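**Student:** Quick one: the structure is below, questions incoming.
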Amino acid sequence: MKYIIIGLGNYGHVLAEELSALGHEIIGADISDSRVDSIKDKVATAFVIDATDEQSLSVLPLNSVDIVIVAIGENFGASIRVVALLKQKKVSRIFARAIDAVHKAVLEAFDLERILTPEEDAARSLVQLLDFGTNMEGFRIDQDYYVVKFTVPKKFVGYFVSELNLDEEFHLKMIGLKRANKVTNCLGISLTELHVKNELPGNEKVEEGDELVCYGRYRDFQTFWKAI
């Protein structure tokens, strides 16, 4: 896919670099020479432009890419003006970064395809990590429901899947299991790889290093974690 990323600060830079590494064509744009210089060798093209200027913005192939991402965060006014200009130019798919609730509320008025809240998402992930006290990953479905992946507690090791009773006891639906397998690479070094087991027969035993993927309410995950 082809993306234009406007704003190459920390967030925009990482976004551009990671998408490019995955094989996507990235066009970057920023008002800062140094930011453009730091990314130009890692993306298809990078422009030094003031995207808040309508004529300068027209340099970018806005209507020949799949998505335009406004990654500007530190300058509220610039972010809103760039989004307004993109809407004026009939750009169909716009993602924009919001740094706080007010910024998000203003962006919502533009009826964008997606509003990105990286700071909020990062804070929420940290809250989950601190709350559960373990390495885990959570995906928020709505205000109450989450999909959470976590390494199985030691007390679960050796039990059959059917014996966990997560649904009955904690109202958590187990939707997947990742099994840790030892593999040897071309240098003869032993590594651990995790593979998803989509089929979960009741007579499958939980092994050390396995990861469970469950769906349920956040408060039920809290109850579950306190119980173990």
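The values are calculated or read from the model by the stated rules, or taken from the named source; none is laboratory data. Model, not experiment: these values are computed from the prediction. Reconstructed Cβ throughout: ideal geometry from the backbone, glycine too, with neighbour counts over all protein chains shown. Heads up: the accessible areas ignore ligands, DNA and RNA and are worked out on the full protein's heavy atoms, side chains in. Shrake-Rupley method; radii C 1.70, N 1.55, O 1.52, S 1.80 Å.
**Student:** Kindly indicate whether residue 51 is in contact with a helix residue (DSSP H, G or I) (Cβ under 7 Å, 6 or more places away or on another chain), modelled with pLDDT of 95 or more and outside any loop (DSSP other than H, G, I, E, B).
**Tutor:** No.
**Student:** Would you mind stating whether residue 56 is outside any strand (DSSP E or B), without any contact (Cβ under 8 Å) to a residue 12 or more places away in the chain and open to solvent by 60 Å² or more (accessible area, probe 1.4 Å)?
**Tutor:** No.
**Student:** Taking residue 184, is it of a type in the set (S, T, N, Q) and at pLDDT 90 or above? Walk me through how you get there before you give the answer.
**Tutor:** Values: of a type in the set (S, T, N, Q): yes; at pLDDT 90 or above: no.
Against the criterion (of a type in the set (S, T, N, Q) and at pLDDT 90 or above), residue 184 does not qualify.
**Student:** Where the second residue is at pLDDT below 95 and open to solvent by 60 Å² or more (accessible area, probe 1.4 Å) and the first is on the phi > 0 side of the Ramachandran plot and lies in segment 29-50, which pairs have Cβ atoms under 7 Å and are six or more apart or on separate chains?
**Tutor:** none
**Student:** Listed residues 83, 36, 43, 68; which is open to solvent by less than 20 Å² (accessible area, probe 1.4 Å), in a loop (DSSP other than H, G, I, E, B) and not basic (Lys, Arg)?
**Tutor:** Being open to solvent by less than 20 Å² (accessible area, probe 1.4 Å), in a loop (DSSP other than H, G, I, E, B) and not basic (Lys, Arg) holds for just one of 83, 36, 43, 68, which is 43.
**Student:** State the number of residues belonging to segment 3-26 that are surrounded by fewer than 22 Cβ atoms within 10 Å (Cβ to Cβ) and in contact with a strand residue (DSSP E or B) (Cβ under 9 Å, 6 or more places away or on another chain).
**Tutor:** Here the count works out to 8.
**Student:** May I ask you to list the residues in segment 86-95 that are open to solvent by 50 Å² or more (accessible area, probe 1.4 Å) and either in contact with a helix residue (DSSP H, G or I) (Cβ under 7 Å, 6 or more places away or on another chain) or of a type in the set (Lys, Arg) (or both)?
**Tutor:** Step one: filter segment 86-95 for residues open to solvent by 50 Å² or more (accessible area, probe 1.4 Å), giving 87-88, 90, 92-93.
Within segment 86-95, 87, 90, 93 qualify.
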